[in-house]
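Read through the structure below, which is laid out as C-alpha cells, and then see the notes.
What follows draws every value from the coordinates through simple rules; no lab data is involved. Everything numeric in this text was worked out from a predicted model, so none of it was measured. No Cβ is skipped: glycine too gets one built from the backbone with ideal geometry, and neighbour counts run over all protein chains shown.
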Amino acid sequence: MRRAILAITGTIAGLVALLTFKSHAPAIPTATVSGTGGGVTSTSSPVPASEAGPGQSFSTDSQAGGLQTGETTLTGQVASTVYGPVQVQLLVRRHKIIKVSILQQPESTVHDLQIGQFAFPQLISETLSAQSAKIDAVSGASYTSAGYIQSLQSALDRGL
Amino acid sequence: MAGPRSGRLRHAEHVMGTVVSFDVPAWAGGDPGPLGRAVRWLHWVDATFSTYRDDSEMSRLGRGSLALADCAPEVAEVLAACADVSVLSGGYFTATPGGRLDPSGYVKGWAIEHAAAMLTESGSTAHTVNGGGDIQCVGDRGPGQPWRVGITDPLRPGALALVVAGRDFAVATSGVAERGPHIINPHTGQPATALASVTVVGPSLAAADAYATAAFAMSRHARDWAESLDGYEAFAIAPDGATWQTGGLGAYLG
C-alpha cells in the first residue's frame, strides 16, 4: 500500500516540480507555465495561438477577482494521468509561486482519497518550500539520464 | 525572469549514464572553451572507464585482455585510490563489488572533481559541477555568498531534507531513491538496507563520493566511521525517517 502511494506521489511530484518552475525554456515534456507575471496591469489577452504549442497547458487569468497588483493566476489544463484527471492552479507574485490549488483530482478509490488528503497537501507545501530554499544545486541518490528531467536539478538548470 | 543569473551559464550534459550539470561563468562557454574541454574530459572518462561498454579499457582490463601497463595512466590512478578507500573503510568500499572489476563508485566523483579543477585552471573562480547528484563547488556563489546545495529527501520525492552551504566544498549522496537498493555490502553480498541515504560533505568530491558509498554499505556502523573521518562530515536518513549527523556538520548548515 505504502509502496503504491509512494509511486503515485513520485509521479505527481514530478508533475508538480515541472509545473513549479516557470520558464520560457524548451524541452519540458508535459507542462509549460506561461504568462508574464505582469498581473493586473499586464496584457490580459489570451495567449496567441502561435505561442500555444503542444506543451502549452497553462493559461493566464489576470482578471480573476481578489488579486493584488502584480499577482497572476495560472490555471493548468486538465492533465490526464493514469490515476485520473488532475488540474492545478498557481498564484504567482513577482515570478514566485505563492499558492498552489488543486482544482481537480481523482476521487474514485481509497488510494485517490489518500492522495487527496495526504499527498497533495504535502506536495503543495514541498513545492513552496523547495522554491524558497534558494539552492544552487541538488544532491541525492544518483538519477539516471532518464530520471534527470523530473529532478529538481533539472528545474534549476532550466533557470529557476 | 527565467534563465541563468547574469554573467552565468548553465549547461546539462548527458554522459556517464546520468546528466552532469555545470554552473559556470558565461565566458567559459563556446567551443572550444573551458566548458567544452571539461565536457570532452567527461566523455573520455566514460569511454575509458565504463563497465557498460565492452570496449572500454576498464572492461578489457577486467576480462584480462588488456594489461594495466597498457591502459591510460588514469586507470592505475583510479585503482590505487580505490585501494586506499577500501583500506580506510575496512573493505566496505571496493573496486570489485560482486567479484567483478568495477570502480564506478569512485570514478564519477573523481571525474567531476577533475572537471571542476579544469575550469579552475582555465581561470574560473566560481563554478559548480553536479554529476547526477554529486557536486563539486568551487569558490563562492557571489561576493560573500556561499553555494547552497539542497539534499533530497529519499522518503518524500521532490522535497529537500536539508540544505548545506559553503565555499570550495563537495557534496555526495548515496541512496536508494531512484534505482532501488543497489549498494551491496561487500562483507555479506547482500544489498545494504539500513539507511535510505547518506550524504558526505568535505573538500574533495572523489573522496566524498566513495565515503558515501562505503557509509551506505556499513549501515549501522556508518555513523561511528563517518565521525572518525578527517575533514569530512555526514548526514543520514533511515527508512523510518530517523536522521543522524556527524558533529562537525553544523559548519555547513546554511
Problem set entry | Long-range amide H partners of residue A:104 with built H, under 5 Å | A:87
For this session: Please identify the helices of chain B, taking whole runs of DSSP H, that span at least 15 Å along their own axis as judged from the Cα atoms and have a mean Kyte-Doolittle score of 1.0 or higher.
Result: B:73-88, B:205-218
Problem set entry | Label-to-label distance, nm, for residues given as residue B:84 and residue B:240 (7 Å Cα→Cβ offset) | 3.8 nm
Exercise. Using the count of nearby Cβ atoms within 10 Å as a rough guide to exposure, how do A:78, B:129, B:176, B:138 rank from fewest to most?
Worked result: A:78, B:176, B:138, B:129
Exercise. Among B:18, B:51, which comes first, second and so on when ranked by fewest other beta-carbon atoms within 10 Å?
Worked result: B:51, B:18
